[in-house]
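What follows is a set of notes on a single structure, which appears directly below.
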Amino acid sequence: MPEGAGRGSAGGVAPRGILRRRPERWLFKGIYGLVLASALVAALDVPGEAANPGQDALWVLLTALTSGAAHGYAHVIAQRASGDGTAGPSRLRAVLAEWPLAVAVLPTVMMLLAAEAGWWAEETAADTALVLNTVLLFALGTSAARTAGLGRLSSCRAGALDMLIGLVIIAADALIE
């Protein structure tokens with residue numbers, strides 16, 4: 001695909017800011033990171049165990065970084081295995097291209113670190129992170145649909161479907177606890 005192809009949104013207007021370059025990749029990785037952070041914070045917040053939000057924050061961040069690295073390297077391996085003869089990005093570049101996944105977990109990590117600092121309880125931080133991530137899933141899903149050229153109502157439906165993933169995690173967390 002040519003360098004400039006496929007970048008514009010409906011009406012030929014290119015997205016601005018962070019979504020300017022390859023918005024579909026940023027949105028995909030951001031949504032993936034939010035789901036990952038939500039699932040981890042739900043799993044790590046075990047009732048009855050001693051609270052350790054600092055360690056939980058480290059696990060969320062470490063898992064996001066290793067998931068991003070594995071995903072980037074999987075792209076390198078897949079391209080190499082396809083044997084299509086095109087020169088792909090370097091291994092390091094492919095791994096570094098996964099940065100939106102790691103960035104997406106930062107709100108959760110910050111909330112857990114705030115709990116570690118004593119600003120609020122770990123359970124409150126975990127619950128707030130789950131709600132915030134669910135709202136962000138809606139926002140990213142809606143943004144992705146708008147970038148793809150869908151109307152407002154269709155975009156909101158797409159965002160609601162993404163938000164449903166967060167709601168399922170919240171429901172599972174409530175049922176498992």
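Can you tell which of ALA51, ALA97 is touching a Pro at 6+ places or on another chain (Cβ under 8 Å), modelled with pLDDT under 95 and not β-branched (Val, Ile, Thr)?
Just one listed residue meets the conditions, ALA97.
Can you say whether ARG157 is closer than 18 Å to LEU65 by Cβ and assigned to a helix (DSSP H, G or I), as far as the supplied structure shows?
no
Can you tell me which residue in segment 136-149 is modelled with the lowest pLDDT, limited to those that are open to solvent by 40 Å² or more (accessible area, probe 1.4 Å) and in contact with a Ser or Thr (Cβ under 9 Å, 6 or more places away or on another chain)?
Applying the filter and picking the extreme gives ALA148.
Got at least one residue in segment 127-135 being free of Cβ contacts under 8 Å to residues at least 12 places away in the same chain, surrounded by fewer than 19 Cβ atoms within 10 Å (Cβ to Cβ) and of a type in the set (Val, Ile, Thr)?
no
Do we have any residue at all in segment 105-118 that's open to solvent by 30 Å² or more (accessible area, probe 1.4 Å), of a type in the set (Asp, Glu) and within 25 Å of LEU167 (Cα to Cα)?
Scanning segment 105-118, I find no residue that is open to solvent by 30 Å² or more (accessible area, probe 1.4 Å), of a type in the set (Asp, Glu) and within 25 Å of LEU167 (Cα to Cα), so the answer is no.
Exactly one of (1) touching a Gly at 6+ places or on another chain (Cβ under 8 Å); (2) not in a helix (DSSP H, G or I) is unmet by LEU113. Its number?
Only one criterion in (1) touching a Gly at 6+ places or on another chain (Cβ under 8 Å); (2) not in a helix (DSSP H, G or I) is unmet by LEU113, namely (2).
Does any residue in segment 33-50 that is part of a loop (DSSP other than H, G, I, E, B) come within less than 9 Å, Cβ to Cβ, of a residue that is of a type in the set (A, V, I, L, M) and surrounded by fewer than 20 Cβ atoms within 10 Å (Cβ to Cβ) six or more places away or on a different chain, and which pairs are these?
What qualifies is ASP45/ALA51.
The values are calculated or read from the model by the stated rules, or taken from the named source; none is laboratory data. Computed from a prediction, not measured in an experiment: that's the story for all the values here. Heads up, the Cβs are rebuilt from the backbone with ideal geometry, glycines too, and the neighbour counts pull from every protein chain shown. Calculation scope for accessible area: heavy atoms of the full protein, side chains included, ligands and nucleic acids excluded. Shrake-Rupley method; radii C 1.70, N 1.55, O 1.52, S 1.80 Å.
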